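Everything below concerns the one structure shown next.
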Amino acid sequence: MTELVKRKYLVERPIYSEDSFSSDHEIVDRHHTTALDHLKRVCGCSSQKAKRIALTFFPIASWLPSYRIKEWLISDLISGVTTGLVAVLQGLAYALLANVSPGYGLYSAFFPAVVYFFFGTSRHISAGPFPVVSLMVGSVVANLVPDNTGNGNSTVVNATAEEILNNERIVVAASLTFLVGLIQLGLGLLRVGFIVIYLSEPLINGFTTAAAIEVVVSQLKYVFAVQIPSFSGPLALFYSLESIFSQITKTNPADLIIAIIVMVFVYAFKEINDRFKSKLPVPIPIEIIMTIIAAGVSYAFNFKDRFKVNIVGAIQKGFQPPVAPSISVFQATIANSFSIAIVGFAVAFSVAKVYSIKHNYSVNGNQELIAFGLSNIMCGSFKGFAASTSLSRSSVQESTGGKTQVAGIISGTLVLIVTLAIGYLLEPLPKAVLAAIIIINLKGMLKKFNEIPVLFKRDKYDCLVWILTFIASVILGLDLGLAVGVGIELLTVVFRVQFPKFSVIANIQRTDIYRNKKDYNDMYEPKGVRIFRCPAPIFFANVEFFKEKLINAAGFNPLWVLRKRNKALRKIKKLLKKGELKLTSKGLICTSYDYKDSDNEELDNNRLEELDQPINTSDLPVDIDWNADLPDVINVPKVEIHSLILDFGSVSFIDMSGMKVLKGIVKEFLNVGVHVSFAGADIGVLEKLNKSKFFDDDIKMSMFFLTVHDAVLHTIDVNDLQKLLKSDQVLEADNMVFSNEMTNGTIKNDSVGNETRF
């Protein structure tokens, strides 16, 4: 088609208020679910319900029987072996972040993978250690079991003291992990998986970027091979940097050279993987290759003795018996445990969500909490540290062809083999290699700084959350930084809702569309009608702001106008009584200009309660037109509008405080002769207003209309009818034309009623 054909629609219907619409269309009486109904549903029992509950808590029972062995097994096997090699390496590396011996990282790579196989709902994520969570665990471990006793020097007295220190750290890390698991399990059983919605993407990205920087700083001591004390709490990052650079002259050149070589190769091959990922069947496992080469070279040339290289050292063979967690650690780490539990779940669920959308299946947030809770309980029982999921490891599992969690159990089996049989082969591995691999793998997290200018252009609130969460996490530490970030995020929500962008809207000519009158040129606002749009719920926090903006939109304060009119009415009655003011066919005429100041003083001393009452002109011979020309002595502000329409289409709820203020301001407008209408109110809002006794003799359901256009047409129609009654003249139909200014139809008034045609 060479030109765009604009389609049109034609509608002919009555002008509907909520009352008239309800009379023409019967409302279905729906039964709203009560707390008792929920309780009955939970307590009720049936075979179908038991089966559904079993499948919910054991997701493996829903997918394993339908596993396609011929189609999926080879892919899962290849994916599982590749992921398992990465899991072994990351387990050793992330143990350094957790401030425990590298061998214990294998426990955190094994138990979560096995438990998640049975209880997880994602088919592609790889459960196990995650750098941010490991660093948060390490921060707690360093705080409770510091390197030194307070002199600021990191010295190890002897091997026995070092062994005792390591054992204490393992107990702290394991107990903390056990508590994290209990928290996650409890949240999952309570079905509060929705808690992750309070961690927005800007918050998570700002937090993980700060964590990436802390991870880099924590690994510098292995790159430079310097001994520094463990710092925790506010400014710990800066204390660590100060300690590292104060000892920079003690750097071991061999460790530094090894780290630089590994970083160069890993970075180069990762760039190759990214550039040619469409052509490569699987990414080049450069981390594994460099680890094997480094371990072999270190063993062959005896790096530990010849160059004083800091190596991984002895890796315990097999698994240790389960131990009971420390209650004292529970008491000291409850706040940190909650932070770690939330962060670990948020990261894992975010990654699981990405892959579920990509491969078209669903994940259950509550069941994910249960799965990771049980994983961490098991991991903590066997002296592991807290687990979540690694973005890079999950990417490897998915990109190498993994179809289900069979790949996860195979990767766990490979970790098991390393732990039971061949872990000793990694003992000569320099820690600088692990540190270098960790630093390069944080490239993706550090690149998130590029989000700041984009967020600034798109949403300044989100940009503020990102920046302040990052700053708080760097300065105060990850646990407090996360709490500050959540607080800032909730504060931005409060500001968005408490100070919404109210607007005065008008009609786009020849349509029934209403937009902000400042945004378009061809706007029509009926004379004497003001349409006010409220884009947010009305509740205790923003109701005064709503009232202020409504008064500004109307152009006057109705209470102030009412008081002025009541003062003027008292003066009119007084002057009429004295004969200084007379009523004529042309209105009120002054017969004297001799006024005393005492009159003004008397008026100024009137009680506000009396001035706030509706105007009563029953004892006057005629109604007063307050917008007409009055004698100079009668000073009353003129009101330019006769009708006010409130667009409530975006008002999702209104609380008792909001209803009280709304009712008061509406009555104030009614008391000064301004007709108020409501448009587009949700049925739930109307039900709430009805139940709360909002309606009375002044405020009726008939003031509520289905759309803004219904309210506008009704308002103009009623206003024209009032003019007709006041003038006591019959107006011709062509004097009532509205189509040229607002719609494609006309409004006609007759003795029978109103008719609107479009």
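The values are calculated or read from the model by the stated rules, or taken from the named source; none is laboratory data. Here the structure is a predicted model, which is why all the values come from computation and not from measurement. Backbone-built Cβ (ideal geometry, glycine too); neighbour counts: all protein chains shown. Protein only, heavy atoms only, side chains kept; ligands, DNA and RNA dropped before computing areas. Shrake-Rupley method; radii C 1.70, N 1.55, O 1.52, S 1.80 Å.
Would you calculate the convex hull of the Cα atoms in the stretch 211-361 and tell me its volume per residue in Å³?
221 Å³
Residue separation times 0.36 nm, minus the C-alpha to C-alpha distance between residue 425 and residue 81: what's the value?
Going from the current span to full extension adds 122.0 nm.
Roughly how many debye, to the nearest 20, is the charge dipole of the stretch 161-314 about its Cα centre, given +1 on each Lys and Arg Cβ, -1 on each Asp and Glu Cβ, and no other charges?
Details: 11 positive and 11 negative charges, 71 e Å.
Here the stretch 161-314 has a charge dipole of around 340 debye.
Per residue, how large is the accessible surface of the stretch 279-364? Use a 1.4 angstrom probe and give square angstrom.
For the stretch 279-364, the per-residue accessible area is 56 Å².
Counting only residues 5 or more places away or on other chains, whose amide H sits under 5 Å from the amide H of residue 676 once H atoms are built in the peptide plane?
Those lying under 5 Å, H to H, from residue 676 are 644.
Pop the C-beta distance of residue 288 and residue 493 into the FRET formula with R0 = 35 Å and round what comes out to the nearest 0.05.
0.20
Please identify the longest segment of the chain free of exposed GluC sites (Glu not before Pro), where exposed means a DSSP state other than H, G, I, E or B and no more than 14 other Cβ atoms within 10 Å.
The longest uninterrupted stretch comes out as 27-639.
In sequence order, what are the phi-derived ³J(HN,Hα) couplings for the stretch 530-537 according to the Karplus relation 6.51 cos²θ - 1.76 cosθ + 1.60 with θ = phi - 60°, rounded to whole Hz, with x for glycine and proline?
Using θ = phi - 60°, the values come out as 10, 10, 10, 9, 10, x, 8, x Hz.
Could you state, as a whole-number percent, how many of the C-alpha pairs of the stretch 477-531 are farther apart than 12 Å?
The answer is 72 percent, as a whole percent.
By how many degrees, between 0 and 90 and to the nearest 10, does the Cα long axis of helix 558-578 differ from the longest principal axis of the chain?
In the chain, helix 558-578 runs at an angle near 20 degrees to the longest axis.
Long-range amide H contacts for residue 707: which residues qualify at under 5 Å (H placed 1.01 Å from N, peptide plane, sequence gap of 5 or more or a different chain)?
Here 680 satisfy the definition.
Quickly work out the residue 695-to-residue 267 label distance, labels modelled 7 Å from Cα along the C-beta direction, and quote it in nm with one decimal.
Taking the two extended label points, one gets 7.2 nm.
What are the equivalent ellipsoid semi-axes of the chain, built from the alpha-carbon gyration tensor (square roots of five times its eigenvalues), in whole angstrom, biggest first?
73, 31, 24
What's the angle, to the nearest 10 degrees (0 to 90), between helix 253-275's Cα axis and the longest principal axis of the chain?
Relative to the chain, helix 253-275 is tipped by roughly 50 degrees.
Put a dot 7 Å past each Cα toward the Cβ at residue 541 and residue 362; how far apart are the dots in nm?
Modelled inter-label distance: 3.1 nm.
So which lysines can residue 447 reach, going by Cα to Cα under 16 Å and dropping same-chain residues fewer than 8 places off?
270
Take residue 687 and residue 457, extend 7 Å from each Cα along the Cα→Cβ direction, and tell me the distance between the two endpoints in nm.
A separation of 4.5 nm, rounded to one decimal place.
Taking only protein heavy atoms into account and a 1.4 Å probe, give the accessible area per residue of the stretch 103-247 in Å².
37 Å²
Which one of 532, 200, 11 has its Cα pushed farthest toward the positive end of the charge dipole of the chain, where Lys and Arg give +1 and Asp and Glu give -1 at the Cβ?
The residue sitting farthest along the positive end of the dipole is 200.
Rounded to the nearest whole Å², what accessible area per residue is found for the stretch 446-569 with the 1.4 Å probe?
Roughly 52 Å² per residue, with all protein chains present.
May I ask you to compute the full-extension gain from residue 656 to residue 74, defined as 0.36 nm times their residue separation minus their alpha-carbon distance, rounded to one decimal in nm?
Extra length available between residue 656 and residue 74 comes to 203.3 nm.
Contour minus end-to-end for residue 299 and residue 197, with contour as 0.36 nm per residue of separation and end-to-end as the Cα-Cα distance?
31.8 nm
Calculate what fraction, in whole %, of the accessible area of the chain sits on carbon and sulfur atoms when a 1.4 Å probe is rolled over the protein chains.
That fraction is 59 percent.
Below 8 Å between Cα atoms, with a sequence gap of 6+, how large is the relative contact order for the chain in percent?
19 percent
State, as an integer percentage, the relative contact order of the stretch 254-322 based on alpha-carbon contacts under 8 Å between residues 6 or more apart.
33 percent
In degrees between 0 and 90, to the nearest 10, how far off the longest principal axis of the chain does helix 406-417 point, with axes built from Cα atoms?
40 degrees
How large is ³J(HN,Hα), in whole Hz, for each residue of the stretch 307-314 in order, when computed from phi with the Karplus curve 6.51 cos²θ - 1.76 cosθ + 1.60 and θ = phi - 60°, using x for Gly and Pro?
10, 6, 6, 7, 9, 4, x, 4
Which ³J(HN,Hα) values in Hz, rounded to whole numbers, follow from the phi angles of the stretch 477-488 under the Karplus curve 6.51 cos²θ - 1.76 cosθ + 1.60, where θ = phi - 60° and Gly and Pro get x?
Along the stretch 477-488, the couplings run x, 5, 5, 5, x, 5, 4, 5, x, 5, x, 5 Hz.
Nearest 500 deg cm²/dmol is fine: what mean residue ellipticity at 222 nm does the chain get from its DSSP H runs of n ≥ 4 alone, each adding -39,500 (n - 2.57), divided by its residue count?
-18000 deg cm²/dmol
Please give the charge dipole size of the chain, origin at the Cα centre, charges +1 on K and R Cβ atoms and -1 on D and E Cβ atoms. Round to the nearest 20 debye.
I would put it at about 2020 debye.
Anything over 20 Å Cα to Cα? Flag those among 549/693; 527/667; 571/638, in the order listed. The partial results should precede the final answer.
Numbers: 549/693 25 Å; 527/667 22 Å; 571/638 17 Å.
Beyond 20 Å between Cα atoms: 549/693; 527/667.
Near the amide H of residue 427, under 5 Å away, which other amide H atoms are found, from residues 5 or more places off or on another chain, if H is placed in the peptide plane?
It is none; the list stays empty.
Put +1 on the Cβ of every Lys and Arg and -1 on every Asp and Glu Cβ in the chain; which of 557, 646, 388 then has its Cα farthest towards the positive end of the dipole?
Towards the positive end, the residue furthest out is 388.
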